[in-house]
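Undergrad: Structure below; questions to follow.
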Ligand SMILES: C[S@@+](CC[C@H](N)C(=O)[O-])C[C@H]1O[C@@H](n2cnc3c(N)ncnc32)[C@H](O)[C@@H]1O
């Protein structure tokens, strides 16, 4: 809190576990990028990771679970306007449209290949859906254009200074921003999680990216720091964690 009262906090120095992270927790992070975030990776490898996310989201019910989390936040809005950031494959937006008969959804990603693939699929021809390119750190929409913005399994991809921008931008263009991401467990449990994934990481791109996501996941303390830096008017509600996804709901007072 001491640091947050200083206007010149350099958040780029912040550990993923937050400024109060333990020594062990500070070791459990990496600057290594996921295949999805690298320019030098064959687009086919990136597509395989996005496809694996889509399939595992279907098999384990994540798209539906995340759609419920998002829709709960606009339960009192009759015809909600929803913005999905970092949609990748669009599985969450497809569920939102299926579960809410009058919702309008703008489905975006920063990766042109992912946007083109979503636009070429069923979302591209759904009259309640708009598919387009958008960078979550610099959203080209007017203030208050949406009732809700949702960013699923993507926040950990961004370094702290950019993550702060997502909170500022998401709460500017939408009344609420819902961030759903991997929880950052206490360090000993985190080690166990990593140990189960590491043996397969060199062979399966999806697991490789999962290990890096885990190492780059943010703790509740880090999320609170970033929300405060995005704008002092931002309030943050945190839910979930440990065995379930971490959910952060940000809005401006
Ligand atoms: C792990 S995927 C998650 C995809 C999907 N949301 C899901 O839940 O499976 C992360 C996504 O975030 C996107 N992404 C990364 N940086 C972004 C940014 N600055 N703005 C928007 N999307 C971004 C990537 O292109 C990728 O599609």
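Undergrad: Could you tell me whether the range 121-131 includes any residue that is surrounded by fewer than 22 Cβ atoms within 10 Å (Cβ to Cβ) and touching a residue at least 40 places away in the same chain (Cβ under 8 Å)?
TA: no
Undergrad: Within the range 99-111, track down each residue that is modelled with pLDDT of 95 or more and either within 10 Å of the ligand (Cβ to nearest atom) or surrounded by 13 or more Cβ atoms within 10 Å (Cβ to Cβ) (or both).
TA: Residues of the range 99-111 that are modelled with pLDDT of 95 or more, as a first pass: 99-110.
Within the range 99-111, 99, 100, 103, 104, 105, 106, 107, 108, 109, 110 meet the criteria.
Undergrad: OK, next. Conditions first: (1) closer than 25 Å to residue 238 by Cα; (2) surrounded by 20 or more Cβ atoms within 10 Å (Cβ to Cβ). Residue 75 passes all but one, so which condition is the exception?
TA: (2)
Undergrad: Turning to a different aspect of this structure: How many residues does the range 132-143 contain that are within 8 Å of the ligand (Cβ to nearest atom) and surrounded by 22 or more Cβ atoms within 10 Å (Cβ to Cβ)?
TA: Residues in the range 132-143 being within 8 Å of the ligand (Cβ to nearest atom) and surrounded by 22 or more Cβ atoms within 10 Å (Cβ to Cβ): 2 in total.
Undergrad: List, please: which pairs have Cβ atoms under 8 Å, are six or more places apart or on different chains, and start with a residue in the range 133-157 that is over 23 Å from residue 33 (Cβ atoms) and in contact (Cβ under 8 Å) with a residue 24 or more places away in the chain and end with one that is near the ligand (Cβ under 8 Å from one of its atoms) and in a strand (DSSP E or B)?
TA: So the pair list comes out as 149/84; 149/85; 150/84; 150/85; 150/180.
A quick yes/no check of all residues on (1) modelled with pLDDT of 95 or more; (2) surrounded by 20 or more Cβ atoms within 10 Å (Cβ to Cβ); (3) more than 15 Å from the chain's Cα centre (by Cα):
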| site | (1), (2), (3) |
| --- | --- |
| 177 | yes, yes, no |
| 204 | no, no, yes |
| 223 | yes, yes, no |
| 235 | yes, no, yes |
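The values are calculated or read from the model by the stated rules, or taken from the named source; none is laboratory data. In this text the structure is predicted, and so the values were computed from the model without any measurement. Note that each Cβ is placed from the backbone with ideal geometry, even for glycine, and that neighbours are counted across all protein chains shown.
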